[in-house]
Structure formats: C-alpha cells, structure tokens
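Student: Attaching a single structure in structure tokens format; questions to follow.
Rule-based calculations on the coordinates, nothing more; no lab input. These figures come from a predicted structure and were not determined experimentally. When we count neighbours, we look across all protein chains shown, and the Cβ atoms used for this are built from the backbone with ideal geometry, even at glycine.
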Amino acid sequence: MKKYQFPILLFISLFSCSQNEDLTLTTKSLYFPTLAGDDWETIAPSELNWDEHKIEELLTYLEAKNTKSFIVLYNGRIAIEQYFNNHSESKPWYWASAGKTLTSVTTGIAQEKGLLNINTKVSDYLGNGWTSASTVKENLITCKHLLTMTSGLDDDLGDAVNSINLQYKADAGTRWAYHNVYVKLQDVIEATAKQPFSTFFNTNLRDKIGMTGIWLQTGDFSVFYSTARSMARFGLLAFNKGTWDTTEIINADFFNNSISTSQNINNAYGYLWWLNGKSNYHLPQSQFEFQGALIPNAPNDLYAALGKNDQKIYVSPSKKLVIIRMGESADATNFALSNFDNELWEKLNLIID
C-alpha cells in the first residue's frame, strides 16, 4: 500500500489547493469604490478562470453592434471595461428607459421617508383631473399601479403624459401595458418633497453612491444621462439590494419587492425592473403573452434595467455580476428588449462558464 501513498497525498494536496483557490474567489468581499474620485479596483479575468480568447471575440462583436461602452463587474470589481466608436470613460450617454429603475428606487426612498405610500391613489397627491378618465376610474390608480405598468390607461396615444393623452382603457390592475405614465411618480415626489424631482434624486440617491449625471428634458419627459461607470455604480447598488457598502440607500424590503413579480399579468416585471427566469412574459406595445424566460441564455435570477436602443444594466447575484452596455441600437430600433440580449448572453456564457 505504501507505494500509492505519494500519489494519493499529491492528489489530495492539489485538490485542496484548487478548493482554496475557488473559495478565495467565492468569498472575496464585495467591493465598493469610494464616493469621490475615479479609483476602482479591478480583477483580472484570468483570476476568475474566464476564457480570455472569448473576451476578445466578445469585444469585436460589441464594437460591430454599435456599442459605446461595456463594463463587467465581478463582486463589485471591474473585470472588463471597454469603450468603442469614439466614446470614452468620461463621456455621458443616455439611459433611455433603463432610467425607469432610478425612478423606482427614488420612489422607495420617498416612501421610507414618509413622503408617500405606493398603495395610495395618485389623485391624493396630484389632485383629480391628472388623467382624462372619470373621477371614479382615476381614483382606482395607485402609485403601485404606476410602478407595475398596470394603470389601465391607454398606451396607444403617444409619449405625452398630459391629461388629454392619459385616457381610460381598463380598470387599474387589470391590464399590463408599458406606458410613460410612470413618470407621474416623479410629480408625486415633487409634490410631497416640495422640491424638484432631480434635487431629491441627487441628494438621496445619486450623490450617496458617488454617481454623476443629469436629467435632461427630451421631448415630453426627462431622460437621465451619465457615464458608464455611474451606471455601474447604480448596478452595484442594485446587486447589493439597495445598500451601498454598509449604508442603506433604499429599504431592502422595498427593493426585494421591486425585483419580484409585481402583478399577475406580466410575470417578468417588478417595479420598473425586468425579471428573468419566469414562465412567461409580455413585451412593450403588445398584449401577447410569450412563454418561457425573458432572456433564455441569461441566469434565471437576473434582473435588469432595459432601455431603448439597447441600454442595459444586468444584475445576477448567482454569478456575482453587474453588466453595463450603452450605445446605439445593436440592430434595428427597439423598445427595451431585443434579440441582442440573448446573443450577448450566449457569448458571455462562453467566457464565464
């Protein structure tokens, strides 16, 4: 038996070293960059045993798909960061509808401060007549209905959110439709906080996690612009369920509700967050129910902020990943979700798995 002792001990030693390396990667503490300055810890893909050859293929694909910026955080550290097509780390870009999640989180902060209750009807804050619906039907609409896209207001009347365009289609809570009426939550916050929404947002969210960026009026509503790293900071906050390092920015219960199915119509939608891994989903501008997961190639626990022309924040706790993509539309103009999501995750899986 002695002649087998060395090989067995060697195997045990190598297996133990491998386990320790994996344990180091798994248990390495979650990292948060400082609030001021540009310092951000990095981690080499080789430390994560990622396929670096496939990373080069991914970057070539992203450049060809009109990407401006792309960041991958692993447990908060930058594993991949690349800029394309005349963009740079310091240049801002628009979030489009990915910025809906900023309004969601800010609403949760306002509720925690006692400024509003999402279960209260919107008319209690804005007064009657903010829609063209009858008073009875208007009073059915709560702030939660705005968060969940179930206001029942007609989504076929254009982007404007004036009272003329906000017409009754169905009772609140009975119909899911992707609608810009969610921005009325910003009006509610302005009314209750007695200050501009952007001021409340800057003080209670943006500045507390070291973001930069600004809301700019674009057409009928404001759109948030920032650098990719500022978007990554928000993604990191979302990854840690609303706490920045040890500072709670948004109540954890509210945030967990935000990334859970919020109504019984579109399983893949929370409070302005898209949810993967559900049995079915609805898409913007459609009442059709699609079967299966929103992004089949992505992790089931993924939740995402998705904006027009492929602005993306992907968050996957199981993979310890936050992924940012900004740029022009990868293919044709789209509204939030596109084939690009599934293609991108197919390529990411070749790297991380």
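Student: Relative to the longest principal Cα axis of the chain, at what angle does helix 5-27 sit, 0 to 90 degrees, rounded to 10?
Tutor: Long axis of 5-27 versus the principal axis of the chain: about 20 degrees.
Student: Run the quick spin-label model on GLU63 and PHE290: label points 7 Å from Cα toward the beta carbon, then report their separation in nm to one decimal.
Tutor: 3.0
Student: For the range 86-144, which trypsin sites (Lys or Arg not before Pro) pass both filters: DSSP loop (anything but H, G, I, E, B) and at most 16 other C-beta atoms within 10 Å? If you can, show how the numbers build up before the last one.
Tutor: Working: sites: LYS100, LYS113, LYS121, LYS137, LYS144; in loops: LYS113.
Passing both the DSSP loop test and the Cβ count: LYS113.
Student: Once both axes come from the Cα atoms, what is the angle between helix 52-64 and the longest principal axis of the chain, in degrees from 0 to 90, rounded to 10?
Tutor: The angle comes out near 30 degrees.
Student: A follow-up question, please. Any idea what the relative contact order of the range 309-351 is, in percent, if you count C-alpha pairs under 8 Å spaced at least 6 apart?
Tutor: Details: 42 pairs, mean separation 16.1, N = 43.
Relative contact order comes out at 37 percent.
Student: Points 7 angstrom from Cα along the Cβ direction at THR261 and ASP39: gap in nanometres?
Tutor: Between THR261 and ASP39, the simple spin-label model gives 4.6 nm.
Student: Quick check: the distance between the Cα centres of the range 107-177 and the range 179-227, to the nearest angstrom?
Tutor: 18
Student: Still on this structure, please answer the following. Tell me the Kirkwood radius of the range 174-303: reciprocal of the mean inverse pair distance over distinct alpha-carbon atoms, in Å. Walk me through the numbers on the way to the answer.
Tutor: Values: mean 1/r = 0.0608 Å⁻¹.
16.5 Å is the Kirkwood radius here.
Student: Of the candidates SER69, SER286, SER151, which one comes out as most mobile in a Gaussian network treatment of the chain with C-alpha springs shorter than 10 Å?
Tutor: Result for the chain, Cα springs under 10 Å: SER286 fluctuates most.
Student: Under the Karplus relation 6.51 cos²θ - 1.76 cosθ + 1.60, θ = phi - 60°, what is the ordered set of whole-Hz ³J(HN,Hα) values for the range 228-240, x standing for Gly and Pro?
Tutor: The phi angles translate into 5, 5, 5, 4, 5, 4, 5, x, 5, 4, 5, 4, 8 Hz.
Student: Okay, next question. Quick check: residue separation of ASP245 and SER90 times 0.36 nm, minus the Cα distance between them. What number comes out in nm? Mind dumping the intermediate values first?
Tutor: On the way: separation 155, 0.36 × 155 = 55.80 nm, distance 2.41 nm.
Contour length minus the Cα-Cα distance gives 53.4 nm.
Student: How big is D, in µm² s⁻¹, for the range 91-161 by Stokes-Einstein at 20 °C and 1.002 mPa s if Rh is the Kirkwood radius over C-alpha pairs?
Tutor: Working: Rh = 13.7 Å.
Roughly 157 µm²/s, to the nearest whole number.
Student: Counting alpha carbon pairs within less than 8 Å and at least 6 residues apart, what relative contact order, in whole percent, applies to the chain?
Tutor: It rounds to 20 percent for the chain.
Student: Let me ask something else. If the viscosity is 0.890 mPa s and the temperature 25 °C, what Stokes-Einstein diffusion coefficient in µm²/s follows for the range 197-263 when Rh is the Kirkwood radius over Cα pairs?
Tutor: 189
Student: Would you kindly calculate the translational diffusion coefficient of the range 43-117, applying Stokes-Einstein with the Kirkwood radius from alpha carbon pairs, for 37 °C and a viscosity of 0.692 mPa s, and quote it in µm² s⁻¹ without decimals? Write out the running numbers ahead of the final one.
Tutor: On the way: Rh = 15.2 Å.
Translational diffusion coefficient: 216 µm²/s.
Student: So, R0 is 56 Å and r is the distance between the beta-carbons of THR174 and GLU52; what FRET efficiency does that work out to, to 0.05?
Tutor: FRET efficiency, THR174 to GLU52: 0.65.
Student: Further question: Counting other Cβ atoms within 10 Å, which trypsin sites (Lys or Arg not before Pro) in the range 171-253 have at most 11 and lie in a DSSP loop? Please list the in-between numbers first.
Tutor: On the way: sites: ARG175, LYS184, LYS194, ARG206, LYS208, ARG229, ARG233, LYS241; in loops: ARG175, LYS194, LYS241.
When the trypsin sites (Lys or Arg not before Pro) of the range 171-253 are filtered for loop state and at most 11 Cβ neighbours within 10 Å, LYS194 remain.
Student: Using helices alone, what [θ] at 222 nm do you get for the chain, with -39,500 (n - 2.57) per DSSP H run of 4 or more residues, divided over all residues and rounded to the nearest 500? It would help to have the intermediate numbers written out before the result.
Tutor: On the way: 11 runs with 111 residues, N = 353.
My calculation for the chain gives -9500 deg cm²/dmol from helical runs alone.
Student: For the chain, what does the equivalent ellipsoid look like in terms of its semi-axes, each the square root of 5 times an eigenvalue of the Cα gyration tensor, given largest first in whole Å? Let's see the in-between values first.
Tutor: Working: eigenvalues 316, 88, 84 Å².
Result for the chain: semi-axes of 40, 21, 20 Å.
Student: Take the Cα atoms of the range 231-278, find their three principal axes, and give me the spread along each one in whole Å, biggest first.
Tutor: 35, 21, 15
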